[in-house]
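Below is one structure, written out as structure tokens; the observations come after it.
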Amino acid sequence: GKSMEWLSASSFTSRENALGNLNGENYMFGGLDFNSMMQFAAEFWCERFHTIDVESKNQSKVNQFYGALYRSSFLPHEISDVNGDYPEFSTGTQVDYSVYGNYSPYNALKKYGDFSMWDIYRAQLPLYNIVVPNLSGRMMQSLVDMYQEGGWLPIFPCWNSYTAAMIGDHCSVALADAYAKGVRNFDADKAYEAMRKNAFETPKSFAEYKNGMGRRALESYLRYAYIPLEDSVKEAFHTCEQTSRTLEYAFDDFAVAQMAKMLGHDDDYNKLMARSHNWKNVINPKTGWADGRCANGKWLGCKDLVSRQSFITEGSICHYSWYVPHDIDALVE
């Protein structure tokens, strides 16, 4: 039967909205009981899988591919209710969509959170730009909304808040990548405003900086054109990791530069493209490998390429030395 006791719903704003989500989805999908909802979910996943059709005589390879596509479809999370209400970024205050949310023509009804950005900007989000570009645009607008609500484009927005987790500034990469690939259903001008602020400014308030706003160690990066070992980046969840940060910021600068060029900000483009070559400043010319470097320019001279080093993030020298995706020919040279 169509017993409601089999169904459940959740909300990030209120108990009332959780009930509204349950009733709203039930209404939209024709009054679903448990079995009907299960069938709807199966059809939903089937539709997602058919965004990429693969064939092989080896069925196990097909299963492996679709298992990977399934697992790549869980982030970011939708955090808004069916009526459009959502918890404001960084404060959690319930936002009533009907009286507040229509401040932008790009502001889609659905809001997304939990961008585990360091983990998803490289492949998962670029995949969305290909298979579900409209959904990608709504996710990008959620990032823009985070900037408008919190004042800074986040680095690693999880738990609906700023965090100082991981390294890099990869919301900027995600936004630039989406726009470069033709996604247009987000406010690109406001996005660039946010990206530019992260690339050129550091919060004046130490409390904001410590809370995860702005790029970690940006002042060192701008002063030396790399992050020296003397800057331990103690205001981050991951301390040190100076060489990996430098390599990732160089790519971030390249990404923001491309957005600047597409939107006609030529002066910013030239400045950021010059900065995008900063990766060269942490490749030891004597060894050809990434290395730690002091503020006076001297190299650490680390010869252990395979063990974890304090200036490398979650890997080793022989991993991170290849992290120059925007300047491959120069790296080869």
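The values are calculated or read from the model by the stated rules, or taken from the named source; none is laboratory data. Here the structure is a predicted model, which means the values were calculated and not measured. Backbone-built Cβ (ideal geometry, glycine too); neighbour counts: all protein chains shown. Accessible surface is based on the protein model in full, side chains and every heavy atom, while ligands, DNA and RNA are left aside. Shrake-Rupley method; radii C 1.70, N 1.55, O 1.52, S 1.80 Å.
Scanning region 126-164 for residues that are touching a Gly at 6+ places or on another chain (Cβ under 9 Å) and within 19 Å of E47 (Cα to Cα), we see that the one that is most open to solvent (accessible area, probe 1.4 Å) is P133. Listed conditions (1) crowded, with 20+ Cβ neighbours inside 10 Å; (2) in a loop (DSSP other than H, G, I, E, B) are all met by W279, apart from (2). Just one of the numbered conditions (1) of a type outside the set (A, V, I, L, M); (2) in contact with a helix residue (DSSP H, G or I) (Cβ under 8 Å, 6 or more places away or on another chain); (3) under 25 Å from S14 (Cα atoms) is not true of S172; which one? That leaves (3) as the condition not met. Each residue in region 308-322 was checked for being surrounded by fewer than 19 Cβ atoms within 10 Å (Cβ to Cβ) and assigned to a loop (DSSP other than H, G, I, E, B), and 4 pass.
Looking for something out of contact with any Ser or Thr (no Cβ under 6 Å at 6 or more places or on another chain) and open to solvent by less than 10 Å² (accessible area, probe 1.4 Å) - is there at least one such residue anywhere in region 230-241? Before you say what the answer is, go through the steps one by one.
Initially, region 230-241 is screened for residues out of contact with any Ser or Thr (no Cβ under 6 Å at 6 or more places or on another chain), giving 230, 234-238.
Retained after the next criterion (residues that are open to solvent by less than 10 Å² (accessible area, probe 1.4 Å)): none.
Among the residues of region 230-241, not one is out of contact with any Ser or Thr (no Cβ under 6 Å at 6 or more places or on another chain) and open to solvent by less than 10 Å² (accessible area, probe 1.4 Å), which makes the answer no.
Residues that are at positive phi and either in contact (Cβ under 8 Å) with a residue 40 or more places away in the chain or in contact with a Ser or Thr (Cβ under 6 Å, 6 or more places away or on another chain) (or both) within region 265-288 are absent altogether.
Looking across E5, E25, E16, one residue alone is open to solvent by 100 Å² or more (accessible area, probe 1.4 Å), at pLDDT below 80 and farther than 24 Å from V131 by Cα. It is E5. Check E55, E78 and return the single one that is of a type in the set (D, E, K, R) and surrounded by 12 or more Cβ atoms within 10 Å (Cβ to Cβ). Every option except E78 fails the conditions. Taking the condition of a type in the set (D, E, K, R) and within 21 Å of Y249 (Cβ to Cβ), does D96 pass? No; evaluated as a whole, the condition is false for this residue. Would you mention how many residues in region 50-79 are in contact with a Leu (Cβ under 7 Å, 6 or more places away or on another chain) and modelled with pLDDT under 95? Residues flagged as in contact with a Leu (Cβ under 7 Å, 6 or more places away or on another chain) and modelled with pLDDT under 95 within region 50-79 amount to 1. Looking across region 176-202, the residues that are in a helix (DSSP H, G or I) and either closer than 11 Å to L153 by Cα or among the charged types (D, E, K, R) (or both) come down to D177, D189, K190, A191, Y192, E193, A194, M195, R196, K197, N198, A199.
Among the residues making up region 212-229, those that are of a type in the set (A, V, I, L, M), more than 20 Å from Y162 (Cα to Cα) and open to solvent by 10 Å² or more (accessible area, probe 1.4 Å) are L222, A225, L229. For region 284-307, the criterion of a residue being part of a helix (DSSP H, G or I), of a type outside the set (K, R) and touching a Phe, Trp or Tyr at 6+ places or on another chain (Cβ under 8 Å) is satisfied by no position.
Screening the candidates G292, G297, G301 for the property of being more than 26 Å from A180 (Cα to Cα), modelled with pLDDT of 95 or more and crowded, with 18+ Cβ neighbours inside 10 Å yields one hit, G292. Could we say that M259 is surrounded by fewer than 20 Cβ atoms within 10 Å (Cβ to Cβ), closer than 19 Å to S172 by Cα and hydrophobic (A, V, I, L, M, F, W, C) here? No; evaluated as a whole, the condition is false for this residue. Within region 57-81, track down each residue that is in a loop (DSSP other than H, G, I, E, B), out of contact with any Ser or Thr (no Cβ under 9 Å at 6 or more places or on another chain) and touching a residue at least 12 places away in the same chain (Cβ under 8 Å). Correct list: S72, S73.
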